[in-house]
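Right, one structure below, let's go through it.
The values are calculated or read from the model by the stated rules, or taken from the named source; none is laboratory data. Keep in mind it's a predicted model, so treat the numbers as computed, not measured. Here the Cβ positions follow ideal geometry from the backbone for every residue, glycine too, while neighbour counts run over all protein chains shown.
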Amino acid sequence: MNRRSAIAAACLGLIASAGAVAAEPGPVCAPGYAAAECGSTERCEAVLEQDPYDVPARIALCDALVEQGSLLDAMVVLRQGLDGCAGRSYACSVLQIALSNVEELAEKDAPDLRADRRRDQAFKRQYCLGPSASDESIQACNEALLSFGEDGALYQALGAKYQRRGQPAQALQNLRRAVALLPDSDEARRLLDEAEAARLELADACLASQDLDACNAATLAGEPDELRLQRRRAELLQHQGRRDAALQALLTAQSLAPDDSDLARGLLPLVDDALETRPDDPELAAARAAALAAVGEVDPAILAYRRTLALNPADEEASRRLLALREQRRERLERLCFATQDIDVCRQSILPGEPDEQRILAHVAAVEAAEQRRAEAEQALTEAAEAAEPSSPPEAGAEPALAAAGSTARPLRFRNAPAADGSTH
Amino acid sequence: MRGFVLLAVLAVPVGLAGGCAHRPPTIAHVHLGHAITAAHDTPDQVGYMTLAEEQAQAALASAEAALAETSLDGLKRRVAEVDQVTNRLRPYPLVGAVQEAASHIEYAALSEDASENVRAGQRQFAQGIEGVLTRGTLIESYARDVAAATSEEEARALAEEVHSLARANLHGEDVDGDGTIGSDPAEYGVRQIRGDLDALIGREDPAYVTVDRWYLFNLIRLPSGEWIFARSRSRGTDAYQ
């Protein structure tokens with residue numbers, strides 16, 4: 001069943017795919033459609049003679065013919081119906097879907113088509129195993145691997161082709177699989193050794209020169225030098241003005257070394273540029289957050305992770321890293337704010353929307369109160385009340401301190417906190 | 001005058017069949033004759049399998065010539081010839097000729113007067129040509145690769161493969177290494193296919209007799225699917241009983 005018919009079938013509430021239907025007996029032509037109950041082919045044919053536009057009868061006739069194994073006749077009946085259904089879109093759709101279902105069933109049963117498939121598979125396998133290293137032969141290998149499954153000879157042939165094309169990284173991938181499947185094959189082992197040596201040679205050339213092609217050909221995921229090669233690629237790409245490609249290389253490198261501050265410094269300007277055109281890209285947002293964290297910019301990193309999670313709430317890695325950063329921030333606040341009377345540091349540490357905002361303001365209020373700066377203390381308390389969340393009660397100590405300063409502390413009001421009457425503000 | 005024409009129409013097939021004592025061939029045997037003896041749309045009106053064998057020989061000759069070439073251009077030209085004879089030549093390249101032979105053997109098997117031997121042989125024949133068809137596709141792909149080759153070394157390696165395939169298309173190949181060519185239909189070349197066809201004919205009872213060319217060139221199919229001899233409107237054997 002083609003995509004168009006499948007969509008149409010879904011819209012009409014019909015079941016597509018004759019194969020699925022064939023596995024369990026039942027109507028094949030238009031499952032889910034209320035076919036007529038004319039019973040036999042003769043009776044259905046008689047109905048259609050009276051009214052050729054009777055689609056339920058035509059579908060019933062189709063099913064009867066399919067049940068008899070007369071798939072070609074069923075297709076003829078449906079095509080006749082389609083010839084006469086112009087302007088009756090629903091009828092046409094039902095018949096078209098039915099024809100598609102029967103054709104699919106016929107294809108599965110047709111010896112000629114099976115032979116074609118068998119021949120095609122044989123061709124692809126042999127072409128893969130042959131000496132060509134063309135794009136088509138590589139495609140043949142990939143398709144043969146899909147048909148024949150894990151086959152060491154095919155992997156070996158594919159690896160050899162990549163090797164001949166000067167693509168040792170791809171060669172290695174396939175030859176490793178070949179050696180795993182053909183552990184006794186000296187040829188597979190020899191080719192693998194060759195590919196490994198070739199890749200290392202290219203990696204050296206990449207790191208020692210401006211040879212981007214060498215870098216591209218040598219870079220292979222999972223190799224110990226992958227990080228260095230990706231960074232080198234990024235350098236060379238940037239040198240060529242290919243900022244998008246450089247960004248991709250650095251993003252891959254970042255995934256390998258997320259805490260590398262040098263890498264992060266190189267990445268940040270590229271990410272910021274990219275975010276100007278793709279501000280809602282969660283991958284870029286996460287990369288920016290990770291880079292900020294790597295260079296020690298804890299608070300901007302927290303904000304960046306909050307943005308990442310706003311774009312992709314399911315990003316568990318971002319959630320985990322945000323928690324870790326908040327813990328770092330808490331430790332810093334304990335040391336530089338809560339353990340001191342330095343309200344400037346405390347105020348500078350405020351991050352709007354962070355759970356600790358209210359606690360910081362309450363601490364500031366307490367310090368101001370303790371130093372008899374009533375107005376400033378009240379201002380801080382007001383801000384704390386505005387910032388507070390029901391789940392984070394105000395820091396104890398601010399109100400007593402205000403009282404000590406000769407002021408009547410106002411009870412803190414929380415945003416969204418339940419009022420006495422049960423309503424919310 | 002009218003009586004004369006009618007007499008002539010009746011006399012021609014009867015006379016060609018050797019007189020009233022001889023029966024015309026069965027429709028099935030006429031179709032087999034197209035594969036073996038003669039067909040109206042082949043060069044020199046040879047049978048499809050005869051044509052296939054000639055094409056396989058020509059393709060192999062070109063493949064051998066390719067290996068003897070000393071220049072990249074010459075090598076490309078020769079390999080293109082192999083592809084031409086195998087896949088593109090009009091009216092029938094090698095693969096077209098074996099496919100056409102298979103079609104006529106299928107017609108034979110579907111004829112009402114076909115023996116069980118022909119029906120069983122048709123299935124075997126259809127399997128037997130698979131190797132030639134697959135090699136044909138491979139030759140087409142390698143010819144494309146050779147045409148795109150930039151070095152003689154690369155083109156020569158591909159030409160050697162083309163040569164192996166062209167050779168297998170004529171002589172068959174021992175794919176499974178059991179020392180026998182033809183133990184599996186995938187190993188068949190034109191010679192093995194022809195051998196199977198000859199064996200099929202040899203098993204026919206009543207015996208297959210080489211079909212006269214008149215019958216071979218005057219068999220037509222009616223819209224109903226029925227086969228008749230064109231000028232006589234005779235329905236094969238029945239018309240002569």
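Summary of values
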| quantity | calculated |
| --- | --- |
| Within region B:166-186, considering residues that are of a type in the set (D, E, K, R) and within 12 Å of chain A (Cβ to nearest Cβ), the one farthest from A:L129 (Cα to Cα) | B:D184 |
| Wholly within region A:234-337, helices (runs of 4 or more DSSP H) carrying at least 1 residues that are farther than 27 Å from A:A214 by Cβ and of a type in the set (A, V, I, L, M) | A:261-277, A:282-294, A:298-311, A:316-333 |
| Residue within region B:69-76 that is more than 12 Å from chain A (Cβ to nearest Cβ) and among the hydroxyl-bearing types (S, T, Y) present | yes |
| Residue check for A:R265: surrounded by fewer than 14 Cβ atoms within 10 Å (Cβ to Cβ) and at pLDDT 95 or above | yes |
| Sole residue being at pLDDT 95 or above, more than 20 Å from A:A245 (Cα to Cα) and buried (at least 20 other Cβ atoms within 10 Å of the Cβ), chosen from A:L181, A:L172 | A:L172 |
| Hits in region B:178-206 - residues which are at positive phi and either at pLDDT below 90 or basic (K, R) (or both) | B:G182 |
| All positions within region B:136-165 that are in contact (Cβ under 8 Å) with a residue 40 or more places away in the chain, over 30 Å from the mean Cα position of the chain (by Cα) and either within 7 Å of chain A (Cβ to nearest Cβ) or assigned to a helix (DSSP H, G or I) (or both) | B:E152, B:A155, B:R156 |
| Options B:N87, B:N117; residue that is crowded, with 16+ Cβ neighbours inside 10 Å, on the phi < 0 side of the Ramachandran plot and either within 14 Å of chain A (Cβ to nearest Cβ) or among the β-branched types (V, I, T) (or both) | B:N87 |
| Matching residues, region A:128-178, being within 14 Å of chain B (Cβ to nearest Cβ), among the basic types (K, R) and either assigned to a helix (DSSP H, G or I) or touching a Leu at 6+ places or on another chain (Cβ under 9 Å) (or both) | A:K161, A:R164 |
| When residues of region A:45-69 are limited to those that are within 14 Å of A:L105 (Cβ to Cβ) and assigned to a loop (DSSP other than H, G, I, E, B), the one farthest from the chain's Cα centre (by Cα) | A:Q68 |
| Subset of region A:370-389 [outside any helix (DSSP H, G or I) and within 17 Å of A:C346 (Cα to Cα)] | A:E371, A:R373, A:A388 |
| Whichever residue in region B:173-231 is among the basic types (K, R) and in contact (Cβ under 8 Å) with a residue 60 or more places away in the chain and, among such residues, is surrounded by the most Cβ atoms within 10 Å (Cβ to Cβ) | B:R194 |
